[in-house]
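For reference, the structure discussed in these notes is given below.
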Amino acid sequence: MSNKVCFMLVHPDYTLDGFRSCLGLAVENMYSYAVALNNELPALDDYNKENIDWIRDMEGEVYSNVPANCEKEGFEPLTIEELGQKLRDMDVIVPYGMMPE
Amino acid sequence: MKILNVYRTAPTADVKKLVEIVSEGREADAFDLNVDAPDYDALVDKVLGADQTICWW
Amino acid sequence: MAKSLGIFVTSPRNMRHVMGVTKAAKAKGCKVKVFFSWKGTELTKTPEFPELCNIADDVSICADSYKKVGFDPADIPEGLTDKEMATQAQHGAIIEDYDCYMTL
């Protein structure tokens with residue numbers, strides 16, 4: 001059975017690379033999800049948009065609790081409480097990078 | 001399901017909330033890495049004994 | 001039987017923890033694999049990195065990350081070989097093939 005993995009991305013300097021890493025597991029046939037928490041992304045270039053599209057194409061998803069990310073980039077909205085419930089269903093939980101200063 | 005929550009820094013309010021939800025109804029343990037001299041031997045014992053380890057930021 | 005432990009390193013601040021956990025796990029007979037990605041690859045420049053490569057069973061880094069954080073991919077860190085300048089598939093291998101998982 002394929003592992004379910006969730007990347008939690010809290011630092012603006014790490015979020016875009018977190019999507020790349022999330023895609024890296026999706027192509028390894030895992031259900032790979034990413035959540036941008038408490039950080040608003042800059043306008044995404046084609047490379048990063050493609051990474052996100054690929055995650056979705058591989059049956060993963062990209063979420064955020066920041067409304068601007070959902071409005072601008074089409075991320076699925078998710079509250080902290082909803083994320084907590086989702087994490088209960090994950091095989092691997094990845095708090096990626098570090099907390100911002 | 002036995003969960004080990006490892007804290008690399010002091011947990012924020014969001015982290016505390018997530019830990020509470022993830023750990024609810026499960027056997028949960030914790031380890032604080034945010035100290036001068038962590039007991040890595042004890043940490044590894046806990047990791048090896050857990051079904052899932054979450055290393056929060 | 002001793003378990004195996006995989007460590008995914010994405011923060012440049014945790015080398016002491018990577019070393020501490022790896023030494024403790026090896027002392028218990030565990031097989032240990034460490035994979036460095038994104039800003040975690042900055043730790044290849046720490047004095048402890050070559051020692052880590054000696055202690056752990058398998059150490060590799062994301063070559064793409066190494067380049068993106070500003071290092072020359074031709075400058076292979078001491079302790080690694082060209083083969084260990086790898087991809088995110090190494091993270092997948094940790095999840096698939098190792099009993100225990102940590103993110104540092």
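Assorted remarks:
- Estimated D of segment B:2-56 in µm² per second, where Rh is the Kirkwood radius over Cα pairs and Stokes-Einstein applies at 20 °C, 1.002 mPa s: 187
- Excluding ligands, DNA and RNA and using a 1.4 Å probe, chains B and A jointly bury around 1500 Å² of accessible surface, summed across both partners.
- Stokes-Einstein D in µm²/s, Kirkwood radius over Cα pairs - chain C at 25 °C with 0.890 mPa s viscosity: 184
- Interface residues of segment C:2-48, defined as a loss of at least 50 Å² in heavy-atom accessible area between the chain alone and the complex of all protein chains with a 1.4 Å probe, are C:T10, C:R13, C:R16, C:H17, C:K28, C:W38.
- Whole-Hz ³J(HN,Hα) from phi, Karplus 6.51 cos²θ - 1.76 cosθ + 1.60, for segment C:60-67, glycine and proline x: 8, 10, 7, 5, 5, 4, 3, 5
- Aspartates and glutamates whose Cα lies under 12 Å from that of C:K83, excluding same-chain neighbours fewer than 8 positions away: C:D58
- Surface composition of chain A: carbon and sulfur make up 47 percent of the accessible area, probe 1.4 Å.
- Annotation: amide H of A:G60 within the under-5 Å range of A:S32, sequence separation 5 or more or interchain, hydrogens built in the peptide plane.
- Peptide B:39-50 has a mean shielding of 6, counted as Cβ atoms of other protein chains within 10 Å of each residue's Cβ.
- For segment C:50-74, residues shielded by at least 30 square angstrom of accessible area compared with the chain on its own, probe 1.4 Å: C:K68
- Backbone N under 18 Å from the B:T9 label point (7 Å along Cα→Cβ), restricted to segment C:21-55: C:38-43
- Under the Debye formula (equal points on every Cα, no solvent term), log10 I(q)/I(0) of segment A:4-96 at q = 0.17 Å⁻¹: -0.62
- Whole-Hz Karplus values for segment C:34-39 come out as 10, 10, 9, 9, 6, 5 Hz, taken residue by residue from phi with 6.51 cos²θ - 1.76 cosθ + 1.60 and θ = phi - 60°; glycine and proline positions read x.
- Cα gyration tensor of the protein assembly as shown - equivalent ellipsoid semi-axes, whole Å, descending: 27, 23, 16
- Surface accessible to a 1.4 Å probe, per residue, for the residues of chain A, Å²: 44
The values are calculated or read from the model by the stated rules, or taken from the named source; none is laboratory data. As the structure is a computational prediction, the values presented were derived from the model and not from experiment. All Cβ positions, even for glycine, are placed from backbone atoms using ideal geometry, and neighbour counts span all protein chains on display. Side chains are part of the model used for accessible areas, which takes the heavy atoms of the whole protein and leaves out ligands, DNA and RNA. Shrake-Rupley method; radii C 1.70, N 1.55, O 1.52, S 1.80 Å.
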